[in-house]
Protein chains: 2
Amino acid sequence: MYDDSDKERLLLAVDCIVFGFDGEKLKILLIKRGFEPERGKWSLIGGFLRKSEVLQDAATRILSVYTGLDDIYMEQVGTFSDVDRDPEERTVSTAYYALINIAEHSQKLSHRYSAQWFSVEDAPPLIFDHDRMVRHALERLKIKAETEPIGFELLPDKFTMLRLQKLYEAIYNVSLDKRNFINKVRSLDILEKLDEKDKTSSRKGSFLYRFDAEKYHRAERSRSLLNL
Amino acid sequence: MYDDSDKERLLLAVDCIVFGFDGEKLKILLIKRGFEPERGKWSLIGGFLRKSEVLQDAATRILSVYTGLDDIYMEQVGTFSDVDRDPEERTVSTAYYALINIAEHSQKLSHRYSAQWFSVEDAPPLIFDHDRMVRHALERLKIKAETEPIGFELLPDKFTMLRLQKLYEAIYNVSLDKRNFINKVRSLDILEKLDEKDKTSSRKGSFLYRFDAEKYHRAERSRSLLNL
DNA sequence: ATTTGTAAGTGTATATTACACACTTATAAT
DNA sequence: ATTATAAGTGTGTAATATACACTTACAAAT
């Protein structure tokens, strides 16, 4: 019926776009490659899929190797297959993005594998098709953030309204009015206002909030999180 | 630095979810497998990626083999990697969806490869993880349809308002008010109203419309196509 | 004790968009 | 001329988005 003799086996890689947020800018984690090809250039963290594992597990494993982090939210972005994307051997790569909270985890990874945080906007050029992967991941993150509270992953447990606002401003690269922002967020009723205040940035201090997972799941999917 | 000796080569398949619209229901094209494994069961059309081609080309080639169609809109859905998804050999598969206009193309493919159209809702169970692929493809189609005029692909060149409405009703599985629907579509200003009428379904006849690609691209991204 | 500087916090009016809803019209067949 | 059928059309109301500026709480300095 059709000719199966042309089945060709090839390498399947996994590359991870690790997003973080430092309170001002959306960041990605890059490593300076310590091996050929392209030694010394910046790239995403990555590795190869093993026959015994699924892609999601490979992505989790690779993230853990490079950052020491487990239990991190990851989502598949897409699969990139340019014929000569890897000069060594025909390799197809599936990209995943991860969302992590820089403040809580940054110290662990600072010195391993020359990993470094870069603002999404002024990251250095990356090897292979990694720049394209990052662009795709960003698009997916934007779509995700419209309907789900990605702050769960990218912010510390307790955070101020301003920080949440700046997160959305960073992701969508816009500026928002704080009154409208807070009204919108309040209407979603997925945050718990704490009694605590964060006094690091003002004398008055600003109240801390926390995501209320239960409220969120009750209200889930009813309305999108932000209209921009 | 890290151990690359575990690079394992495997098969990469491509499976295609072919969506069509018959004026009433959203349909998918399935084939009855003429080969092992799972001979005689229903499945998506698929094949294997060759070393010399990119995934998009493989998807295009596979669609062409099974349907004779070229120049069809296709989009990557995702990559599925359950370890034992294919009992023969470790195989990872990337799914693509295609949008085609049944009326114009159906005759070509009717008898080849026992291909058959099924309503998305009452399709038979599929082999491997193909049901999951279809579900994912549907989700992606819904997201796509919110912001882009998929009618370009799924409808004939000229169509009635009712047909366009039924397309959205089929995709989102809702029913819409025709007055609100037409008002919304008109406000987008991406259709050209023709002088012709389609008289097949009523004595009065209903005017035909056509997508105006130029108007569409001018208005692109300004607002989403439908809020549901 | 008072003043001052800083960021936090708050509300309303207007514009836009979504939604609900029912009768009239054009035409072919009889 | 009558009738049956689907096409075509508009408005009022509710919900949501957007624009916009002053007051408050507090710590530090005097």
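The set of residues in region B:11-39 that are surrounded by fewer than 17 Cβ atoms within 10 Å (Cβ to Cβ) and within 13 Å of another protein chain (Cβ to nearest Cβ) comprises B:Lys32, B:Gly34, B:Phe35, B:Glu36, B:Pro37, B:Arg39. Filtering B:Glu104, B:Glu88, B:Glu146 for residues that are farther than 21 Å from A:Glu139 by Cα, in a helix (DSSP H, G or I) and not small (Gly, Ala, Ser) leaves a single hit, B:Glu104. Here B:Asp82 meets the list (1) surrounded by 14 or more Cβ atoms within 10 Å (Cβ to Cβ); (2) within 14 Å of chain A (Cβ to nearest Cβ); (3) in contact with a strand residue (DSSP E or B) (Cβ under 8 Å, 6 or more places away or on another chain) almost entirely, failing just condition (3). Set side by side, the residues B:Ser110, B:Ser119 differ, and just one is at pLDDT 95 or above, loosely packed, with under 14 Cβ neighbours inside 10 Å, more than 13 Å from every other protein chain (Cβ to nearest Cβ) and over 23 Å from A:Ala59 (Cβ atoms), which is B:Ser119. Checking each residue in region B:25-45 for being outside any loop (DSSP other than H, G, I, E, B) and within 13 Å of B:Asp131 (Cβ to Cβ) picks out B:Ile28, B:Leu30, B:Trp42, B:Ser43.
I want to confirm something. Restricting to region A:46-83 and keeping residues that are of a type in the set (Asp, Glu) and farther than 19 Å from A:His130 by Cβ, which single residue is farthest from the chain's Cα centre (by Cα)? So, considering only residues that are of a type in the set (Asp, Glu) and farther than 19 Å from A:His130 by Cβ, the one farthest from the chain's Cα centre (by Cα) is A:Glu53. Put simply, of B:Arg135, B:Arg163, B:Arg186 the only residue that is away from every other protein chain (no Cβ under 14 Å), within 16 Å of DNA strand C (Cβ to nearest atom) and out of contact with any Leu (no Cβ under 6 Å at 6 or more places or on another chain) is B:Arg186.
Taken over region A:40-56, residues that are among the charged types (D, E, K, R) and away from chain B (no Cβ under 12 Å) amount to 1. Cβ separations smaller than 8 Å between residues 6+ apart or across chains give the following pairs from region A:96-107 residues that are among the charged types (D, E, K, R) to residues that are modelled with pLDDT of 80 or more: A:Glu104/A:Pro156.
Quick check on my filter: what residues within region A:149-172 are in a loop (DSSP other than H, G, I, E, B) and out of contact with any Asp or Glu (no Cβ under 8 Å at 6 or more places or on another chain)? Within region A:149-172, A:Pro149, A:Ile150, A:Leu155, A:Asp157 qualify.
Candidates B:Leu69, B:Leu63: the one that is part of a helix (DSSP H, G or I) and either out of contact with any Gly (no Cβ under 7 Å at 6 or more places or on another chain) or more than 21 Å from B:Asp86 (Cα to Cα) (or both) is B:Leu63.
The values are calculated or read from the model by the stated rules, or taken from the named source; none is laboratory data. Note that this is a predicted model, so its numbers are computed, not measured. Here the Cβ is made from the backbone with ideal geometry for all residues, glycine too, and neighbour counts use every protein chain on show.
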